[in-house]
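**Q** This is the structure I have questions about; it appears just below.
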Amino acid sequence: MSRQINALRHGPEIVVGCPGRVLDLLQQKALRLGDVDTLVLDGYRQCLPTGIVARLRPDGALDQFVVDPYQGGAGTSTNMNTNEVMANVALELTGHPLGAYEVIEPHDHLNMSQSTNDSYPTALKVAMLAGNDRVAAEARELVAALRDQGNAFLKIVKMGRTELQDAVPMTVGQEFHAFAAALETEIDFLRAAEKPLLTINMGATAIGTGINSPPGYADRVTQKLSDVSGFKLRRARNLVEATQNAGDVKRHAGGIQIKRGHRFSRK
């Protein structure tokens, strides 16, 4: 692709989450800086997580994410870009000069006990869960509008069509109620497809073995992320399998594609 596409211009919610919720990769990493068991930052433990995320809102430091969204690998470029930006924001908030990595280091502190292979898919899943709420809500509004039109047009008779030919009578109202029913089915499908997204592999690190993370980290970070996101997240039973299997994301993406690809054909 010859034209570079800025990641934040085309996909800001994957990075900063939804208003009123801290749902994403940034909060996961901010939690690491506020973790009293693994990092000593006296005086800043409580303020850093919320302060960093607030600083990275659209009117903050988002222009520092320069990595193109189209990239090879599992998102490592974006993950490391995030580590560097957050480390420097943390340094700024604590009165240190930018780039003072002897104080807060992007890899050792921000990527502590993490890998792109667990933090990135977890961030993506939580963002998809948050987006699902909005998609379903807007789809329900459309269903209601279609139902209203269906009721209004219930007595208007038209010819129904099959095999591209006029066939038997129906009403325009029946047609619009059919559109509404189709959309309701898609909403149900999306809600069913979101359930597997609640299972995350945080703590799996690179390949699912949890190497370089302390005992109990996977359970603790899953609970913390559940607390801040409002979703009942759960740790995958087998972290190796969960790290290599993206079937749950594919199923949900399939649901979105079905919804987007649905065509309300005129009968």
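**Q** Write out the GluC sites (Glu not before Pro) in region 79-132 meeting two conditions: DSSP loop, and at most 12 other Cβ atoms within 10 Å of their Cβ.
**A** Glu102
**Q** Now, a different point. How many lysine pairs does region 113-267 hold where the Cα atoms are under 30 Å apart and the two sit 8 or more places apart or on different chains?
**A** So the count of such lysine pairs works out to 19.
**Q** When you count, for each residue, the other Cβ atoms within 10 Å and take the mean per peptide, how do 142-151, 198-207 rank with the highest first?
**A** Ranking, from highest mean packing down: 198-207, 142-151.
**Q** Determine by what factor the alpha-carbon radius of gyration of region 118-261 differs from 2.2 N^0.38 Å, reporting the quotient.
**A** 1.48
**Q** Another one. So if R0 is 51 Å, what FRET efficiency would Lys158 and Thr199 give, r being the distance between their Cβ atoms, rounded to the nearest 0.05?
**A** The computed FRET efficiency comes out at 0.60.
**Q** I'd like the Karplus ³J(HN,Hα) series for region 173-187: coefficients 6.51, -1.76, 1.60, θ = phi - 60°, whole numbers in Hz, and an x wherever there's a Gly or Pro.
**A** Values per residue, Gly and Pro as x: x, 4, 4, 5, 5, 5, 4, 4, 5, 4, 5, 4, 4, 5, 4 Hz.
Each reported figure results from applying straightforward, stated rules to the coordinates on display, with no laboratory input. Given the structure is predicted, the values throughout are model-derived calculations rather than measurements. Don't worry about glycine lacking a Cβ; one is built from the backbone with ideal geometry, like all the others, and counts go over all protein chains shown.
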